[in-house]
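None of the figures in this text is laboratory data; all of them are computed from the coordinates on show. This one's a predicted model, so the numbers in the text were calculated from it and none came from an experiment. Positions of Cβ are generated from backbone atoms using ideal geometry, with glycine treated the same way; all protein chains shown enter the neighbour counts.
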Amino acid sequence: MKHLNITLKGKVQGVFFRVSAREKARQLGLNGFCRNEADGSLYLEAEGDDEALAEFIKWCRVGPPAARVDKLEKEEVELKDYDEFQIKYR
């Protein structure tokens, strides 16, 4: 198990990215959350096994049909033991 902090930049707000990310994360058995940031980016935290996280990162590089991901940044940090994947609102 590992934990990734992920930031996506591009056309990632207003394109159902959070809902789609939650659905994909749940399909892959990942826990964590996603939220829109004030600067127009999308921030996600995801926890799970290496294979599921790799698949999630691959999906995040493309996202839902209306999205355009220009940049993906990720960082591995300590586990936080989330028990589900949620959408958070600021």
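A few notes on this one:
- Inter-label distance, nm, simple model (7 Å from Cα along the C-beta direction), Phe16/Val69: 1.8 nm
- Kirkwood hydrodynamic radius of the chain, from inverse mean 1/r over distinct Cα pairs, in Å: 12.7 Å
- Taken about its Cα centre, the chain carries a charge dipole of roughly 620 debye when the Cβ of each Lys and Arg holds +1 and the Cβ of each Asp and Glu holds -1.
- Share antiparallel - DSSP beta bridges, region 23-90, percent rounded to 5: 65 percent
- Computed helical MRE - 222 nm, the chain, DSSP H runs ≥ 4 contributing -39500 (n - 2.57), nearest 500: -8000 deg cm²/dmol
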